[in-house]
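Notes follow once the structure below has been shown.
The values are calculated or read from the model by the stated rules, or taken from the named source; none is laboratory data. Every value quoted in this text rests on a predicted model; they were computed, and no experiment measured them. With ideal geometry, Cβ positions are generated from the backbone for all residues, glycine too; neighbour counts draw on all protein chains shown. What goes into the accessible areas is simple: the full protein's heavy atoms, side chains included, and nothing from ligands, DNA or RNA. Shrake-Rupley method; radii C 1.70, N 1.55, O 1.52, S 1.80 Å.
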Amino acid sequence: MTTKVGLLVMAYGTPYKKSDIEPYYTDIRGGRKPSREALDDLVRRYEAIGGLSPLAGTTERQAEALVDRLNHSAYYQDVEFKLYIGLKHIHPFIEDAIEEMHKDGITEAVTVVLAPHYSQFSIGSYNKRAKQKADELNIVLHHVNHYYKQPKFIEYWSMRITEVLNHIPKSEYDKTMLIVSAHSLPMKPVLDSNDPYPSQISETARSIVEHTSLRQVTVGWQSAGNTGTPWIGPDVQDLTRELAEKGNFKHFIYTPVGFVAEHLEVLYDNDYECKVVCDEVGAAYHRPPMPDTHPLFIDAIVEEITTVYKKA
Ligand code: FEC
């Protein structure tokens, strides 16, 4: 007999239309409306990447690729996964997805967030919201907390870096720096709680570079908010400037491994802001494609799912 199990794919969410930007931003700020100035600045960044972010479509394609891969997996022959998408900052919200599961009679589900590394302030907060709603409705959840250690995740990024290196003369490898980055977080709560997020990003940087012919790698942080308190650094732009001055680097390769899709934080913060700095210091800007629905990436998540949700 086939068991029906929910697959809750959670992601950040993005405005679907321009009029969604203000409520979306208000949600990100925990219900506090942004100032006119902050809102205009966000609208300006969306305009710079074409008006809106491609994230909504990518999240859907990634979620569909996952459920499809799981439902064709020999490991889960007697299980049928039913997909639900739950977003953090816009509809369908995480809680809406759990409600839908309940209506469909689902009593057990696997959850996964479209972000590879665990922080209690990112994955932890998605999981907490999902669990709170699921507990109310007697649904048992099995959480994937991270998948940054999965060999296929590392293989994806080392393959992409090798593709970039193939276009750089070997004689310039010692003037090439790999910047492995993730979304910054406010420093104090992360340090005070000994959150694993910063060390997971460093571990990813070490593992990726081991599988390439490049040895020069450093970790940077991006997309920090403007809250008046320190966020984890160094910021990718400052880092680029400093490295270019000290090491006379000719190539910077950016791998924002804390994200899995092309969206505002990559298309603006990397492809625009970091590129501006590279142009200023006379270095070439390289940013390989994001995982999106690449089979190595989808398989990496599927393999992690098999460790948290065993066959009955
Ligand atoms: O393409 C898009 O439209 C959405 C891209 C997007 C992703 C994303 C992922 C993460 N964030 C994380 C943490 C924070 C913290 C704050 C914060 C603020 C914003 C704002 C926008 C935004 N984030 Fe985001 N984030 C994306 C977009 N994020 C827009 C608001 C304006 C701005 O600051 O630029 C600060 C909240 C506050 O003000 O109190 C903290 C983390 C991730 C990666 C994990 C995940 O995907 O959940 C961590 C994609």
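A few remarks follow.
- Using alpha-carbon coordinates, inclination of helix 123-136 to the longest axis of the chain, degrees: 10 degrees
- Between Gly220 and Val180, Ser181, Ala182, the built amide H atoms are under 5 Å apart, and every one of these is 5 or more places off in sequence or on another chain.
- Each residue of the stretch 68-200 gets 165 Å³ once the volume of the Cα convex hull is shared out per residue.
- Accessible-area composition of the chain, carbon plus sulfur, in percent [1.4 Å probe]: 51 percent
- Pairwise FRET efficiency - Lys310 versus Val43, Cβ, R0 = 35 Å, nearest 0.05: 0.15
- Here the stretch 1-98 is treated as an ellipsoid with the same Cα gyration tensor; its semi-axes, largest first and in whole Å, are 35, 14, 7.
- Database remark: amide H of Thr3 closer than 5 angstrom to the amide H of Val79, Glu80 (H placed geometrically; neighbours at sequence offset of 5 or more, or on other chains; Pro and chain starts carry no H).
- Assuming charge only on the beta carbon of Lys and Arg (+1) and of Asp and Glu (-1), the dipole of the stretch 97-201 about its Cα centre is about 220 debye to the nearest 20.
- Here's the picture: a label point sits 7 Å out from the Cα of Asn166 along the beta-carbon direction, and within the stretch 200-215 the residues with their amide nitrogen under 18 Å of it are 211-214.
- Which of Leu87, Leu137 is most accessible, then next, and so on - probe 1.4 Å: Leu137, Leu87
- Its DSSP H runs of at least 4 residues, each contributing -39,500 (n - 2.57), put the calculated 222 nm mean residue ellipticity of the chain at -13000 deg cm²/dmol, to the nearest 500.
- Spin-label pair Glu64/Arg206, simplified geometry with 7 Å Cα→Cβ offset, distance in nm: 4.0 nm
- Relative to the longest principal axis of the Cα atoms of the chain, the long axis of helix 55-71 makes an angle of roughly 50 degrees.
- Rolling a 1.4 Å probe across the protein heavy atoms gives the chain an accessible surface of 46 Å² per residue.
- Tail weight of P(r) past 17 Å, computed on alpha-carbon pairs of the stretch 1-44, percent: 45 percent
- Across Lys82/Lys131; Lys128/Lys188; Lys4/Lys131; Lys175/Lys275; Lys18/Lys250, pairs whose alpha-carbon gap is larger than 29 Å: Lys18/Lys250
- On Cα atoms only, tilt of 94-103 relative to the major axis of the chain in degrees: 20 degrees
- Ellipsoid fit via the Cα gyration tensor, the chain: semi-axes of 34, 24, 17 Å, each the root of five times an eigenvalue, largest first.
- Scaling against 2.2 N^0.38 Å puts the C-alpha radius of gyration of the stretch 212-274 at 1.18.
- Inverse of mean 1/r across different Cα pairs in the stretch 162-308, Kirkwood, Å: 16.2 Å
- Each residue was assigned an accessible area with a 1.4 Å probe, and for Tyr309 the value is about 20 Å².
- Debye intensity ratio in log₁₀ form over the Cα atoms of the stretch 149-210, taken at each q of 0.13, 0.23, 0.28 Å⁻¹: -0.47, -0.99, -1.20
- Placing R0 at 41 angstrom, the Cβ-Cβ distance between Lys128 and Ser73 gives a FRET efficiency of 0.90 after rounding to 0.05.
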